[in-house]
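Nothing in this text is a laboratory measurement; each read-out follows from the coordinates by a stated rule. As the structure is a computational prediction, the values presented were derived from the model and not from experiment. For neighbour counting, all protein chains shown are included, and Cβ atoms are generated from backbone atoms with ideal geometry for every residue, glycine included.
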Amino acid sequence: ASVIRVASLGKSYQTAAGEFPALRGVDLDIAAGEYVAIMGPSGSGKSTFMNLLGCLDTPSAGDYFLAGENVAQMSKDALAQLRNRTIGFVFQGFNLLPRMSLQDNVALPLVYANVDKETRRARARVLLERVGLGQYAESLPNRISGGQQQRVAIARALVNEPRLILADEPTGNLDSHTSEEIMRLFGELNADGITIVLVTHEPDIAAHASRQVRFLDGHIVSDHLTGEQP
Ligand code: ADP
Ligand code: ADP
């Protein structure tokens, strides 16, 4: 079954110069368990596309089915619930709250899901152990390295047991060795059955995915399995 299906998806932005079409009719189907790298030059529409997939923005045209549900036909509350249950987000800048312990950062999505404090603490601990940072549970984010912060962000993304992870340039702020470690972790999550969609500029990072989709000027210009000729 498709976790993500988009058809004729379009997005235009209002600018001083008029409407700017950032996405122009994108069709894509991503099945459960896939590991997809989204590539393409700056300005090709990758972030716009990821924002639509994450239901952080609404399309100007076309359809989006997330886990089989037509996003456009859902109420705001139902969509927020579907998003929280289904998607874990990972960002280039980690986006941890600086005054909160790592454990509280990881537990934060559970606050919005109305999970009680003891359960939140226990789940956060398990996930920090899972990413190899259990011993730093009570530390603040600035006590650990960038690569470790990204591991914490991944733990946070996992806390609601999502079936999909959306990651926008997750290794963009990391050196190549640390990037490889983060990619190993994504590989393990994918082996556990989590669908991963990841934006990257770097071919070495995209090579970890099993499918590579390339954007140019708001279109998909290639879509192939890793190792196959585009
Ligand atoms: P990418 O992530 O591939 O760099 P983006 O999706 O960020 O591409 O941007 C695609 C195009 O849309 C770019 O030309 C960008 O300047 C434009 N764009 C993105 N967001 C906005 C916005 N909020 N308002 C106007 N134009 C935007
Ligand atoms: P990325 O590095 O992911 O390609 P960008 O630098 O293109 O991101 O955009 C960063 C943020 O600024 C995004 O949220 C995008 O929507 C917004 N943005 C990009 N281009 C424009 C624009 N021309 N006008 C307004 N906002 C924009």
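Before moving on, here are some points about what is shown:
- Candidate set from segment 157-171 (those that are within 12 Å of the chain's Cα centre (by Cα) and away from ligand 1 (no atom under 16 Å from the Cβ)); member that is surrounded by the fewest Cβ atoms within 10 Å (Cβ to Cβ): 163
- Flag for residue 110 being buried (at least 18 other Cβ atoms within 10 Å of the Cβ), in contact with a Ser or Thr (Cβ under 7 Å, 6 or more places away or on another chain) and not β-branched (Val, Ile, Thr): no
- If you filter segment 1-25 down to residues that are crowded, with 20+ Cβ neighbours inside 10 Å and farther than 22 Å from residue 202 by Cα, you find that the one that is nearest to ligand 1 (Cβ to nearest atom) is 11.
- Here residue 49 meets the list (1) outside any strand (DSSP E or B); (2) surrounded by fewer than 21 Cβ atoms within 10 Å (Cβ to Cβ); (3) within 11 Å of ligand 2 (Cβ to nearest atom) almost entirely, failing just condition (2).
- Among the criteria (1) free of Cβ contacts under 8 Å to residues at least 40 places away in the same chain; (2) farther than 24 Å from residue 97 by Cα, the one residue 181 does not fulfil is (2).
Quick grid of which residues meet (1) charged (D, E, K, R); (2) part of a helix (DSSP H, G or I); (3) farther than 21 Å from residue 4 by Cβ:
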residue	(1), (2), (3)
64	no, no, no
80	no, yes, no
97	no, no, yes
100	no, no, yes
103	no, yes, yes
108	no, yes, yes
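- Of everything listed in (1) under 27 Å from residue 144 (Cβ atoms); (2) within 13 Å of ligand 2 (Cβ to nearest atom), the single unmet condition for residue 44 is (1).
- Residue satisfying all of: in segment 123-168; touching a residue at least 24 places away in the same chain (Cβ under 8 Å), outside any loop (DSSP other than H, G, I, E, B) and among the basic types (Lys, Arg); farthest from ligand 2 (Cβ to nearest atom) among these: 123
- Selected residue [part of a strand (DSSP E or B), within 16 Å of ligand 2 (Cβ to nearest atom) and closer than 17 Å to residue 63 by Cα] from 22, 37: 22
- Number of the exception - residue 222 against (1) in a strand (DSSP E or B); (2) within 16 Å of ligand 1 (Cβ to nearest atom); (3) touching a residue at least 12 places away in the same chain (Cβ under 8 Å): (3)
- So residue 102, is it at negative phi, buried (at least 20 other Cβ atoms within 10 Å of the Cβ) and more than 16 Å from ligand 2 (Cβ to nearest atom): yes
- Just one of (1) part of a helix (DSSP H, G or I); (2) over 26 Å from residue 125 (Cβ atoms) fails for residue 58. It is (1).
- If you go through segment 75-95 and keep only what is among the small types (Gly, Ala, Ser) and either away from ligand 2 (no atom under 15 Å from the Cβ) or loosely packed, with under 13 Cβ neighbours inside 10 Å (or both), you end up with 75, 78, 80, 88.
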